[in-house]
Amino acid sequence: MSEPVNPEIAEKLKQLETKFKNSGQDLGSYLDGLLHDRYLTYWDYIHLDTLLSLQIPRTHFPDEEIFITYHQITELYFKLIIHELKQIIDDKLQNAAFFTAKLDRVNRYFRVLINSFDVMIKGMDRDQFLKYRMSLLPASGFQSVQFRLIEIYCTPLVNLVNTKERDQFSEQDPLGEVFEHLYWKSGATDAETGEKTLTLKQFEYRYTPRMMRIAKQVQHSTIFHKYHELPEKEQNNVHLIEALRTFDTNVNINWLLMHMGAAYRYLNRDKGEVLATGGTNWKSFLPPSFQRIMFFPNLWSDEEKENWGQQWVTHQFNTKQ
Ligand code: HEM
């Protein structure tokens, strides 16, 4: 005689039967599937073997693996950051608490990235770097599309125009026109001849369609717009304002400064500097105080704008004393 079915299990089966019936499915077939299914493992779930097969150095220098892996870790964090930004953009609740909670997450991700740059700065042999980088030409982190998308999701394109021309554009100008004057395009273009670096040309060819599609999609709903559309009381929420300002400084000052620290350690020489793989004049391209990119310019006083990213200039000055 078979054991009576446990009433709790019987109840679950009834619920399952209703669920599958509602979508025109047969519970029996799904139970068969369950019978034959393998148990899930950790390594399958996170695709561990695939993940660990993606670090493929181009040379035999052992420290190149650190270089690849650290870039990949950063890109994964960029992905998580974009995942949060998109939720703010899609949000209909329009309250400060949700907005702040998402931004706090983004800020924690950036905190990890900012605080972990020394994994590379201190952990990777400079002599090896200067050799294997020559096998990576003309690739550069400059070509990180996720970094560019973070910018596009956060602020109207006009705030990303190079400093010299920013005043000449407004949100009313056609997106395609503004896009041509973004600061990073100018940084990789010879001011006299107008010739773009190969690094820029390849990046544009690969990603312009995607960047333009997303720029159009969020033209009126970037994080900047979403904040200014909140009811006034929510906009004045001090925690939200603080989270937005922290985010702006994290991306547009602190991460850039840590990254510049890496560029200085590896590319600076007493006499002149080593050419960057992306071909920019990196000493004037990378410092936040030169680019003056701000996602939320309305949240900063004139004085704060004036002193944007000055820590670097002060540091440079002090170390030369
Ligand atoms: C030894 C380490 C590194 C060095 C020496 C370095 C150097 C540079 C240089 C010189 C540039 C300017 C573009 C060019 O001419 O190539 C640049 C841009 C950039 N790199 Fe790196 N980089 C390093 C690590 C990283 C890492 C780990 C990431 C993470 C994804 C990264 C992401 C970027 C981004 C997003 C830009 C564009 C920055 C902007 O537009 O303001 N870099 N890098």
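Which one is farthest from the ligand (Cβ to nearest atom), of the residues in the range 117-133 that are aromatic (Phe, Trp, Tyr) and either open to solvent by 50 Å² or more (accessible area, probe 1.4 Å) or more than 19 Å from the chain's Cα centre (by Cα) (or both)? My answer is TYR132.
The residues of the range 81-99 that are farther than 17 Å from ILE152 by Cβ and either within 16 Å of the ligand (Cβ to nearest atom) or of a type in the set (A, V, I, L, M, F, W, C) (or both), listed by number, are LEU93, ALA96, ALA97, PHE98, PHE99. Can you tell me which residue within the range 28-55, out of those that are of a type in the set (A, V, I, L, M) and under 22 Å from SER116 (Cβ atoms), is nearest to the ligand (Cβ to nearest atom)? Looking at residues that are of a type in the set (A, V, I, L, M) and under 22 Å from SER116 (Cβ atoms), I get LEU54. The residues listed here are PHE98, PHE61, PHE78; of these, the one that is farther than 20 Å from VAL145 by Cα and crowded, with 17+ Cβ neighbours inside 10 Å is PHE61. Filtering ILE73, ILE68, ILE150, ILE114 for residues that are over 28 Å from GLU229 (Cα atoms), aliphatic (A, V, I, L, M) and under 12 Å from the mean Cα position of the chain (by Cα) leaves a single hit, ILE73.
From the list ILE9, ILE89, ILE82, the lone residue that is over 24 Å from MET258 (Cα atoms), assigned to a helix (DSSP H, G or I) and touching a residue at least 12 places away in the same chain (Cβ under 8 Å) is ILE89. Could you please let me know if GLU303 is more than 12 Å from the ligand (Cβ to nearest atom), farther than 25 Å from VAL119 by Cβ and either exposed (fewer than 13 other Cβ atoms within 10 Å of the Cβ) or aromatic (Phe, Trp, Tyr) (or both)? So GLU303 fits the description; yes. If you go through the range 269-278 and pick out every residue that is within 12 Å of the ligand (Cβ to nearest atom) and open to solvent by less than 50 Å² (accessible area, probe 1.4 Å), you end up with 4.
Which ones in the range 280-300 are open to solvent by 50 Å² or more (accessible area, probe 1.4 Å) and part of a loop (DSSP other than H, G, I, E, B)? Those that are open to solvent by 50 Å² or more (accessible area, probe 1.4 Å) and part of a loop (DSSP other than H, G, I, E, B): ASN281, ARG292.
Could you go through the range 258-267 and let me know if any residue there is farther than 26 Å from LYS131 by Cβ and of a type in the set (A, V, I, L, M). For the range 258-267, residues farther than 26 Å from LYS131 by Cβ and of a type in the set (A, V, I, L, M): absent. Scanning the range 157-170 for residues that are open to solvent by 10 Å² or more (accessible area, probe 1.4 Å) and either within 9 Å of the ligand (Cβ to nearest atom) or not aromatic (Phe, Trp, Tyr) (or both) turns up LEU157, VAL158, ASN159, ASN162, THR163, LYS164, GLU165, ARG166, ASP167, GLN168, SER170.
The values are calculated or read from the model by the stated rules, or taken from the named source; none is laboratory data. Values in this document were obtained by computation on a predicted structure and should not be read as measured data. Note: ideal-geometry Cβ built from the backbone for every residue, glycine included; neighbour counts use all protein chains shown. These accessible areas exclude ligands, DNA and RNA; they are computed on the full protein's heavy atoms, side chains included. Shrake-Rupley method; radii C 1.70, N 1.55, O 1.52, S 1.80 Å.
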